[in-house]
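J.: The structure follows.
The values are calculated or read from the model by the stated rules, or taken from the named source; none is laboratory data. Computed from a predicted structure; not experimentally measured. Every residue, glycine among them, receives a Cβ derived from its backbone with ideal geometry; neighbour counts consider all protein chains shown. We work out accessible area using only protein heavy atoms, side chains counted, and drop any ligands, DNA or RNA first. Shrake-Rupley method; radii C 1.70, N 1.55, O 1.52, S 1.80 Å.
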Amino acid sequence: MGPLLKCITCCCGARTKGLSRFLVLLAFVVFVSNHANIRQYYEYDDGTIDDVFTSTKNTTSRASYKEQSVPYSWHEPPIENDVSTRKKSGAGVRPHSSSENHNTQLAAVDIDDIISQHVHALNHTEYKFFMYDDPNITLGPSVWPEGANVNRKAWRKCANEILFDESLFVVLEHSSLRTFNPDEAQIFIAPIPHGRIYGSMIRHTLWNISFSALMNHEVFRKHQGHKHLLIATGYPLFRYSVQSLAEHYDKLENMTLVQSWDPNGIKEALDDGYDFHEYQEYFTKHKLITHSSISVGLGTRPNSSVIPLPDYKFEGYEKIPLVLASMEKWRNASNFVFYHTRTTPSFWNSTIYRHVAVTNVTMSNLPKSSIGWDMASNEQWLKEYVDSKFCLVIRGDSPHSKAFTRSIRVGCIPVIVADCLPIFAPVLKSTLNMSDYAIMLDEKKFVENPEAQLLTLLELDESEINNKIKHLAFAQKVMMLDHPESLFVPALLHEAVETFKNV
């Protein structure tokens with residue numbers, strides 16, 4: 001602004017007519033008002049307006065029931081806004097300005113810059129982790145359950161999560177951020193293969209071996225479990241229903257659990273009076289096992305050619321291809337909305353939410369979509385899934401769903417009907433904001449008129465879609481282990497450090 005101000009001053013000081021001088025000054029005032037102090041304001045559903053760059057609401061407290069209004073730079077604390085006074089679904093924010101087009105252009109520029117900052121920070125992280133390599137802890141590939149030792153019921157229940165965990169251990173093992181010197185590490189990872197043990201008929205013996213080796217390791221004894229991650233994304237794990245695992249819970253209090261959901265965040269939300277409606281009773285009864293937790297979502301099996309695993313002969317896992325999100329992919333998709341579900345009922349009154357999209361949507365007012373009951377052919381199901389613009393993610397036996405990760409994996413914008421999902425499973429929340437790359441639909445309104453809610457997707461303009469796609473492409477890098485530019489490991493380390501700060 002210095003040279004410009006000098007130029008204007010000189011012009012005003014020149015011997016010009018009064019009208020010319022006035023026009024010059026007017027031009028200067030307009031320029032300054034539009035460019036000199038650019039700030040972006042957001043208006044929430046309760047009428048609250050935040051100045052994103054000067055808000056006094058900044059806080060470093062860990063509150064998973066709070067939602068970031070916009071992506072933020074890691075150089076400053078996130079701006080957090082209590083969603084308990086707004087829609088519990090955290091249904092986004094909208095620009096507030098007398099010049100919406102101008103703000104939309106600025107937001108687009110800011111999104112590119114902010115995502116670039118995130119990518120740069122993750123790619124240049126200085127965090128290091130130490131991962132135990134004691135074979136009695138890792139239980140090596142030779143301990144893969146087979147023959148009579150296979151608990152097929154457990155395997156089929158959690159096959160995707162088991163294989164995701166095993167793939168993550170492979171990625172961590174070969175990561176450049178791993179150090180074999182525990183004195184250099186900020187994070188410690190205990191790679192006990194909980195999913196694989198859960199899928200075994202000798203789980204009690206295997207857990208005894210692995211936990212005994214971990215508890216007696218000199219590094220663990222030194223830190224008493226602090227700054228240690230336990231990775232187990234299978235939903236049944238680390239609840240009191242698995243008795244042979246529950247025997248060891250009293251030793252794990254100081255550790256941080258990496259799960260598909262965030263049990264500690266749920267407890268914090270309950271303490272602050274958040275209402276989980278039909279899930280309330282179940283969540284209230286849940287007992288915390290570790291002093292903190294991290295959600296990485298319900299994982300899917302990565303591409304085996306990218307992350308090879310030992311040969312296994314079990315069924316029940318999905319083979320969902322990674323399709324990079326882009327505007328070209330979105331435009332070329334022939335299905336407007338994709339949703340198929342089984343007729344079997346769900347717990348916690350979720351059946352009405354899952355079935356209403358099939359029974360109460362006429363399809364006559366929607367662009368070509370693929371909505372209905374389960375398909376007989378997995379190949380046809382996958383073809384239609386990949387070829388869709390929006391993918392419905394509806395609550396079920398839990399608020400989170402495999403459909404959420406699937407939609408991200410195939411580059412389809414998730415349309416979420418699960419009000420408490422951003423609280424229940426805020427995937428890598430220090431890096432990702434769910435409302436940036438997904439669309440939240442209110443549960444009650446969806447049940448009352450699902451077709452009307454789906455038609456609101458037609459109101460999104462191309463700039464809004466483009467912004468969602470940019471964030472979706474970034475979310476793929478952060479969440480997918482087999483992404484060619486995967487940022488999962490540094491994002492996990494960043495999440496761990498942020499979690500440790502608030503314990």
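J.: Taking the Cα centroid of segment 350-364 and of segment 228-282, what is the distance between the two, rounded to the nearest whole Å?
T.: 31
J.: I'd like to compare 288-299, 455-466, 206-217: which one has the highest average count of other Cβ atoms within 10 Å, and what's the full order after that?
T.: Those peptides, ordered most packed to least, come out 288-299, 206-217, 455-466.
J.: Can you give the extra length, in nm with one decimal, that the chain gains between GLU379 and GLU281 once fully stretched, where that is 0.36 nm per residue apart less the Cα-Cα distance?
T.: Separation in residues times 0.36 nm, less the Cα-Cα distance, equals 31.4 nm.
J.: Next question, about the same structure. Label LEU458 and SER244 with points 7 Å out from Cα along Cα→Cβ: what is the distance between them in nm?
T.: Using points 7 Å along Cα→Cβ, the separation is 5.5 nm.
J.: Moving to a separate point now. May I ask which of LYS389/LYS445; LYS444/LYS468; LYS222/LYS477; LYS128/LYS389 have a Cα-Cα span longer than 27 Å here?
T.: Violating the 27 Å Cα-Cα cut-off are LYS222/LYS477; LYS128/LYS389.
J.: Right, here's the next one. Using only alpha carbon pairs under 8 Å that are at least six residues apart, calculate the relative contact order of segment 144-274 and give it in whole percent.
T.: Contact order relative to length: 27 percent.
J.: Determine the per residue accessible area of segment 315-440 with all protein chains present and a 1.4 angstrom probe, expressed in square angstrom.
T.: Value for segment 315-440: 38 Å² per residue.
J.: Relative contact order for segment 205-298 using alpha-carbon pairs under 8 Å, separation at least 6, rounded to a whole percent?
T.: Dividing the mean separation by the residue count of segment 205-298 yields 33 percent.
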